[in-house]
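Taking it in order: structure first as structure tokens, then the write-up.
All of the numbers you see were taken from the coordinates with simple rules; none came from a lab. Since we're looking at a predicted model, the values are computed, not measured.
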Amino acid sequence: MARTQAADYDQRRAQIVAHAARLYAQRGFLGASVSDLAEACSISKSAIYHYYTAKEDILFELMHSHVMALDLVAREAIACSDDPKQQLRALTHGFMRLYVGAAERHKVLLNDLQHLPQARRAEIVSVQRGLIGMVEGLLAAIEPKLARPGAARAAAMLFFGMINWTHTWFDPSGAVSADALAEMAVDVTLGGLAKAAG
């Protein structure tokens, strides 16, 4: 007879991933062992393996849950309006809120993607490319001059370059809020599009 899962099985898995995010953000994926993670979780190493078959499975779950949250925010932003400028604002606000609330996961995503097995890395990269494509489409809709080959992609990559690394310096308790920073990022983007496209 198959063993039934405990009622809190998913919650325990989520707790392991949350501890892994903190640990991997501090030490890097290769710098933190399963024993280190078990200690951080206050459980045994064998208990970790009860919930996850391999260390890479934890890394994948950490990254996948993060990029899927970003994907959901992006899709909701695009659905909220027919105006591409408003869509871009909503998307940027959503991303910044997630970056603040999941800075450790974002850091791990940016620093440790290469440690996933190829097939799983491709899954994460596919979602990331979809996000880039959404922003690329919004920017091209805002500024038609970006229709020339490669221009909209370059603008989208510049946009992500501006917001993706805020976790390295942004202080949520500082003078500028995440929402104010999102507004600044959108204003810088919109203000520069017409000139860059000319």
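Taking Cα atoms only, the orientation of helix 9-27 departs from the longest principal axis of the chain by about 70 degrees.
Relative to the globular-protein estimate of 2.2 N^0.38 Å, the Cα radius of gyration of the chain stands at 1.17. Can you give the relative contact order of the range 55-197 as a percent, counting alpha carbon pairs under 8 Å and 6+ residues apart? For the range 55-197, the relative contact order is 31 percent. What's the center-to-center distance, using Cα atoms, between the range 54-113 and the range 142-198 in Å? Rounded to whole Å, the Cα centres lie 16 Å apart. Taking the C-alpha atoms only, the angle from helix 84-101 to the longest principal axis of the chain is near 30 degrees. Number of Lys-Lys pairs in the chain with C-alpha atoms under 25 Å apart and a separation of 8 or more places or on different chains: 6. The angle separating the long axis of helix 178-197 from the principal Cα axis of greatest extent in the chain is about 50 degrees. Using a Gaussian network model of the chain in which every pair of alpha carbons under 10 angstrom is joined by a spring, one finds that among SER173, SER42, SER126 the greatest mean-square fluctuation is at SER173.
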